[in-house]
Structures are given as C-alpha cells and as structure tokens.
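A.B. asks: Below are the structure tokens for one structure; questions will follow.
Throughout, read-outs are computed from the coordinates displayed, never taken from laboratory work. The structure displayed is predicted, hence computed values, not measured ones. Note that each Cβ is placed from the backbone with ideal geometry, even for glycine, and that neighbours are counted across all protein chains shown.
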Amino acid sequence: MIPIGERINGSFPDMKRAIAARDKKPVQELALKQKEAGAAYLDCNVGTAAADQEAAMRWLVETIQEVTDTPIAIDSQKLAVVRAGLDAIDNPKGCIVNSCSGDEEKLDIYMPMCIKNNASLIALTMTREGVPQNVEARVEVAATIIGKASEHGMATDRLFIDPIILPVNIPGAQAQPGYILDALGQIKIMTDPPVHITCGLSNLSQGTQERHLINRTFLAMAAAVGLDSAIVDVLDTDLMDAWITAEMLLNKQIYSDSFLKAARMNM
Ligand code: THG
C-alpha cells in the first residue's frame with residue numbers, strides 16, 4: 001500500500017494560514033506527523049492560500065524537505081506550479097507529479113517531464129470534456145494514458161491512474177463509486193505488471209455526516225479490486241487499520257495475531 005498524506009493542502013484552514021504567513025512550523029509538524037503515521041508520500045497543494053502559487057509551492061517543498069526525506073507529491077493542476085515544485089525537489093527517491101489529465105497533448109508534456117525529473121505521475125481518467133460518468137469511458141481514458149506511457153517509455157510502476165472520486169452526496173452521483181470499482185478491475189489487468197491505482201479518497205465523503213466510515217469502507221472495497229495507493233488522512237488510525245486489514249485479507253501480508261503492529265513497523 002502506498003499512502004499519500006493529504007494534510008499539507010491549502011484547503012485546510014491551518015495550512016492556508018501557514019502558507020500565507022510563510023510560517024514553517026505547522027507545515028513541518030504535519031510533515032513529521034504524517035510520516036510517523038505511515039505516509040509513503042506527502043501531498044503538497046498550495047490551494048488558494050497564495051497569490052503567487054509558484055513561489056508558494058517552492059516554499060512548501062523546501063520547508064518539508066528541511067525536516068524529512070519522505071518524498072513529496074506535487075499537487076497542482078497548473079503546469080507552471082508543478083515545474084516550480086520540481087525545481088525545488090532535492091530527493092534521490094524522486095517525487096510524484098499530481099496530476100495530469102488524460103488528454104494526449106497533456107500526457108505528451110507531463111510524461112517526458114516526469115521521466116527527466118525522476119518523478120512518478122498521477123494521471124486522471126478525465127479529459128477536457130470532463131469526468132466520465134460511466135465505466136467504459138473511464139477505462140477508455142485509462143487505455144489512452146497507458147498507451148502514452150508505453151510510447152514515452154514510462155515504466156508502469158511509475159504510473160498511478162486516478163479514476164476521480166466525487167462526493168457520494170451529489171444528487172445523481174450515488175452509482176459512481178460502484179462504477180469506479182468496475183473500472184479499477186479492468187484497468188488493473190491492462191498491463192503486466194499493473195499500473196498503480198490511487199484516488200483522492202476524502203473527496204468521496206465531503207459534505208456527509210459519516211466521513212470516516214464512508215472513507216474507510218470504500219477504501220477496503222477498492223483495495224479488493226486493485227487500488228494500491230490513495231491520497232488519505234493518514235492520521236485517521238481507523239482508516240489506516242482498515243486498509244492494512246484489507247491487504248492482509250487479500251493475502252498481501254501474512255496473518256499473525258500482531259499483523260497490525262507488523263504492518264505499522266514496515267511503514
Ligand atoms: N485526486 C488527486 N489529487 C487530489 C485529489 C484527487 N488532490 C486533492 C484532493 N483530491 C485530495 N485531497 C483532499 C484534501 C482534503 C479534503 C479532500 C481531499 C477535504 N478537506 C476538507 C473539506 O473540504 O471538507 C477541508 C476542511 C477541513 O476538514 O478542515 O475533505 O481526487 N490525484
């Protein structure tokens with residue numbers, strides 16, 4: 001499992017404040033807390049906290065790297081902001097570029113950039129036409145992404161596909177989580193070895209009453225059909241325990257009475 005810690009994101013009030021004031025301490029504390037809780041990567045999103053998003057991204061990356069070598073996922077829809085983040089990355093383990101749409105001309109820019117910078121890529125199953133609302137269209141965009149990876153010589157283990165999860169409480173959207181599970185199963189067998197599959201899990205429960213329960217239930221369901229990464233609140237212990245348990249039940253970890261402890265020691 002590849003947990004990506006979601007908390008360093010300007011959409012959270014504490015991070016918005018810290019980024020705006022260039023206050024390092026809250027950012028560095030959250031970086032270390034998330035690392036401790038098992039984050040394999042730290043997502044880094046300046047949100048709307050700064051007028052100059054490129055400078056803010058550079059500052060965030062540098063601030064995190066001062067205290068930890070946990071690699072960063074540079075989270076921005078804007079190419080210039082991603083480039084600013086990449087410029088600041090100083091980590092032999094590389095980083096993740098999060099994210100790129102499934103439009104061919106975007107992939108033609110992002111994939112060579114990632115290869116050159118020792119970065120993995122999260123590619124979204126969405127195009128300029130928007131987020132597909134059915135299984136077939138999601139699988140089709142995933143096939144485009146995988147075809148482009150092969151064309152550019154990007155190894156499948158450097159590629160994360162994100163089926164885009166939207167809040168389950170949007171009117172008419174309740175069938176989407178099920179469609180995503182169907183699509184994941186198909187995307188997972190497109191290549192051998194398979195690509196990574198990730199998602200922004202907390203999107204699913206935005207605006208609902210039972211956020212934690214909805215998040216961890218879907219995570220366990222998605223893990224069963226091939227999701228092996230997610231951008232999550234790694235500080236949610238029940239969520240992480242459910243994920244570890246799902247992986248144990250999928251025989252990815254040997255059972256022992258102390259399987260939770262054993263998994264946490266390896267994180
Ligand atoms: N795919 C990819 N990257 C992503 C997303 C995705 N990055 C951003 C986002 N989606 C994943 N990260 C978050 C971070 C926070 C929340 C949801 C997703 C969240 N925030 C609270 C809210 O809006 O209710 C903030 C308020 C608070 O709790 O204080 O839910 O899908 N590739």
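A.B. asks: Under 8 Å for C-alpha pairs, at least 6 residues apart: give me the relative contact order for the stretch 164-211, rounded to a whole percent.
C.D. replies: Relative contact order, the stretch 164-211: 53 percent.
A.B. asks: Now, a different point. Can you compute the charge dipole magnitude of the chain about its Cα centre, using +1 on each Lys and Arg Cβ and -1 on each Asp and Glu Cβ, nothing else charged? Give it in debye, rounded to the nearest 20.
C.D. replies: Dipole of the chain, to the nearest 20 debye: 400 debye.
A.B. asks: Still on this structure, I have one more. Beta carbons within 10 angstrom, averaged per residue: use that to sort the peptides 55-66, 8-19, highest first.
C.D. replies: In descending order of packing, they fall as 55-66, 8-19.
A.B. asks: What aspartates and glutamates could a cross-link reach from residue 261, if we take a straight Cα to Cα line under 13 Å and drop same-chain neighbours fewer than 8 places away?
C.D. replies: By straight Cα distance, residue 261 reaches 241.
A.B. asks: Under the definition of Cα pairs under 8 Å and six or more residues apart, what whole-number percent is the relative contact order of the stretch 106-201?
C.D. replies: Taking the mean separation of contacting Cα pairs over the length of the stretch 106-201, I get 32 percent.
A.B. asks: Just to be sure I follow the rule: in the stretch 35-131, considering lysines 8 or more places apart or on different chains, how many pairs have Cα atoms under 21 Å apart?
C.D. replies: The result is 5.
A.B. asks: Hey, any idea what the orientation-averaged projected area of the convex hull of the chain's Cα atoms comes to, in nm²?
C.D. replies: The orientation-averaged projected area of the Cα hull of the chain comes to 13.6 nm².
A.B. asks: Please turn the phi angles of the stretch 248-265 into ³J(HN,Hα) values with the Karplus equation 6.51 cos²θ - 1.76 cosθ + 1.60 (θ = phi - 60°), one per residue in order, whole Hz, x for glycine and proline.
C.D. replies: 5, 5, 8, 6, 7, 9, 5, 6, 8, 4, 10, 4, 5, 4, 4, 5, 5, 5
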